[in-house]
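Below you'll find the structure I mean.
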């Protein structure tokens, strides 16, 4: 309890003082995870909708793979990215290792199964009259797709929030391919791990609280944007 | 407009709808009556193309965009009543102004223009039906297929809907609910009961 209290005080002091290292880590967490989740949503939401609405051979297999991939350990994803982007890897010539961009790539791999699976579930759960009504009113495939997303917006919002929460708090990818380099690839999660390793528990707690607050704020913004009365 | 011959729809070994012969000419208004579970809705779904697993012949001389269908329990999309009624018009790339005018016209004809800006999820059952009917009429279909369009409506709403339906010159095939007799609506009435299909009377 004392540790939590010390962490709260430390977090307040850090924010009030605009500690540059912490602020940079917080901003980096936001843009790296935000970009990864945005890309995952742009790809995953249409893909999830397609999986729910279009029958094709092997569809059920794809659904099972996506759902299983939601539980991928972040260190495993980090390892896969390392093997791809390290100097000896097939994508080594891009020289992205130990840059924020490779963390984005790794978190995209983490977020994609989440956005696909939860969107798929949300669209599958829609009343069949949604598609029938849209079709009988003359809506083409693109307009029907937009209608499904709109009607399943609660589930789609949840998919995006879940993906963001997983990415913002992940440690394995950022550590393995980012390297936790100060001012370059350090995120709040890796900074928390570093401060804990140094024995600076209050400071580590402060980072953790900040990360939680950021996640809450993002949740509030996204939920507000998707509210019904914003029609 | 519609030619049905030896139509039979089976599910799990049971016959749920049988229509030996039905022809609906352009401009006719045909009403189907019958007991619950007789297969009336299934027949409409075959006509509209939502039900494709059947034996026999069902030929409709209209492309899918010229057919408008209102479900037995209409589904309204999230949003306002107006956005619902303009949905089909927007799908046909009608300009926003024209779509709005068209939508308001039909909402007014059906006595629910005051609900144009209301949230579609807050309407009563009768209001939902009138909005769904306005939505179908707004796209100016060649063939109108309606499943119990007057059910759940109060007297005022039913009267407005009846007036609109009775004045329509487009081909219409509809199911009449038990509480709303088809008088004044139909040029022909058919009864579907125990999977048998027979003409009741013609106007």
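If you fit an axis through the alpha-carbon atoms of helix B:96-109 and take the longest principal axis of the Cα set of chain B, what angle between them do you get, 0 to 90°, nearest 10?
That works out to roughly 70 degrees.
Could you work out the mean count of beta carbons from other protein chains within 10 Å of each residue's beta carbon in B:65-77? Walk me through the numbers on the way to the answer.
Numbers: counts 6, 1, 3, 3, 5, 2, 4, 1, 2, 2, 10, 2, 7.
Neighbouring Cβ atoms belonging to other protein chains average 4 per residue here.
At q = 0.12, 0.13, 0.18 Å⁻¹, what is the log10 ratio I(q)/I(0) for chain A, with the Debye formula run over Cα points and no solvent?
-0.74, -0.83, -1.24
Moving on to the next point. On alpha-carbon atoms, Rg over Rh for the range A:124-231 using Kirkwood Rh?
Working: Rg = 20.4 Å, Rh = 16.9 Å.
For the range A:124-231, the value is 1.21.
Along the Cα→Cβ direction, 7 angstrom out, place labels at residue A:38 and residue A:8. What is the inter-label distance in nm?
3.5
Further question: Could you work out how far helix A:100-124 tilts from the main Cα principal axis of chain A, as a 0 to 90 degree angle to the nearest 10?
Computed tilt is about 40 degrees.
Order these by the 10 Å Cβ neighbour count, fewest first: A:145, A:135, B:64.
B:64, A:145, A:135
Same structure, new question: If we restrict to alpha carbons, what Rg and Dmax does the range B:132-203 come to, in Å?
For the range B:132-203, the Cα radius of gyration and maximum Cα-Cα distance read 12.5, 35 Å.
Sticking with this structure for a sec: Once the principal axes of the Cα atoms of the range A:68-123 are found, what is the range along each, listed largest first in whole angstroms?
Extents along the principal axes: 41, 17, 17 Å.
Points 7 angstrom from Cα along the Cβ direction at residue B:66 and residue B:14: gap in nanometres?
With each label point 7 Å from Cα toward Cβ, the separation is 3.7 nm.
A further question follows. From the P(r) of the range A:112-164, could you give the percentage of C-alpha pairs in the tail past 15 Å?
Taking all Cα-Cα pairs of the range A:112-164, the fraction more than 15 Å apart is 45 percent.
Can you tell me the alpha carbon radius of gyration of the range B:42-121 divided by the globular rule-of-thumb value 2.2 N^0.38 Å? Present the calculation step by step, with values, prior to reporting the outcome.
Numbers: Rg = 15.3 Å, N = 80, 2.2 N^0.38 = 11.6 Å.
So the Cα radius of gyration is 1.32 times the expected 2.2 N^0.38 Å.
Would you mind giving the mean number of other chain beta-carbons within 10 Å of the Cβ of each residue in A:127-134, as a whole number?
Per residue, the number of nearby Cβ atoms from other chains is 5 on average.
Evaluate the Kirkwood expression for the hydrodynamic radius of chain B, namely the inverse of the mean inverse distance over all pairs of different C-alpha atoms, and round to one decimal in Å.
Computed over chain B, the radius equals 17.2 Å.
Now for a separate question. Under Stokes-Einstein, with the Kirkwood radius over Cα pairs standing in for Rh, what whole-number D in µm²/s applies to the range B:72-159 at 20 °C and 1.002 mPa s?
The calculation lands on 168 µm²/s.
From Cα pairs below 8 angstrom and at least 6 apart in sequence, can you work out the relative contact order of chain B, rounded to a whole percent? Numbers along the way, then the final one.
Numbers: 412 pairs, mean separation 60.0, N = 203.
The normalised contact order for chain B reaches 30 percent.
Also, I was wondering about something else. Taking the Cβ-Cβ separation of residue A:95 and residue A:198 as r and a Förster radius of 30 Å, what is the calculated FRET efficiency to the nearest 0.05?
Values: r = 30 Å, r/R0 = 1.01.
Efficiency, from the Cβ-Cβ distance: 0.50.
Ranking request for peptides B:163-173, A:113-123: highest mean number of other beta-carbon atoms within 10 Å first, then the rest in descending order.
A:113-123, B:163-173
Could you work out the equivalent-ellipsoid semi-axes for the range A:169-231, taking the square root of 5 times each eigenvalue of the Cα gyration tensor, largest first, in whole Å?
Values: eigenvalues 178, 41, 11 Å².
Those come to 30, 14, 8 Å.
At what distance in nm do the modelled label points of residue A:219 and residue B:55 sit from each other, each positioned 7 Å from its Cα along Cα→Cβ?
5.8
Using a cut-off of under 19 Å, list every residue of the range A:136-162 whose amide N is near the label point 7 Å from the Cα of residue B:92 along the Cα-to-beta-carbon line.
Residues A:136-144 fall inside that zone.
Hey, what does the equivalent ellipsoid look like for the range A:1-59, semi-axes from the Cα gyration tensor as sqrt of 5 times each eigenvalue, largest first, whole Å? Let's see the in-between values first.
Values: eigenvalues 362, 46, 9 Å².
Over the Cα atoms of the range A:1-59, the semi-axes work out to 43, 15, 7 Å.
Also: What 222 nm value per residue comes from the helices of chain B, counting each DSSP H run with n ≥ 4 as -39,500 (n - 2.57) and dividing by all residues, nearest 500 deg cm²/dmol?
Result for chain B, helices only: -8500 deg cm²/dmol.
How large, in Å, is the protein assembly as shown by the Kirkwood hydrodynamic radius built from its alpha-carbon pairs?
Answer for the protein assembly as shown: a Kirkwood hydrodynamic radius of 25.4 Å.
Another question, then. Mind jotting down a quarter of the surface of the convex hull over the alpha carbons of the range A:1-122, in square nanometres, one decimal?
10.8
If you line up the long axis of helix B:125-138 against the longest principal axis of chain B, both from Cα atoms, how many degrees apart are they, to the nearest 10?
For helix B:125-138, the angle is close to 90 degrees.
Then there is this: Determine the relative contact order of the range A:1-140: mean sequence separation of Cα pairs under 8 Å and six or more apart, normalised by residue count, in whole percent.
On the way: 103 pairs, mean separation 48.6, N = 140.
Dividing the mean separation by the residue count of the range A:1-140 yields 35 percent.
Between the range B:53-124 and the range A:1-57, what is the C-alpha centre distance in whole Å?
Their Cα centres are 41 Å away from one another.
The numbers here are math on the coordinates, done by the rules we state, and not lab data. Keep in mind it's a predicted model, so treat the numbers as computed, not measured. Virtual Cβ from ideal backbone geometry, glycine too; neighbours counted across all protein chains shown.
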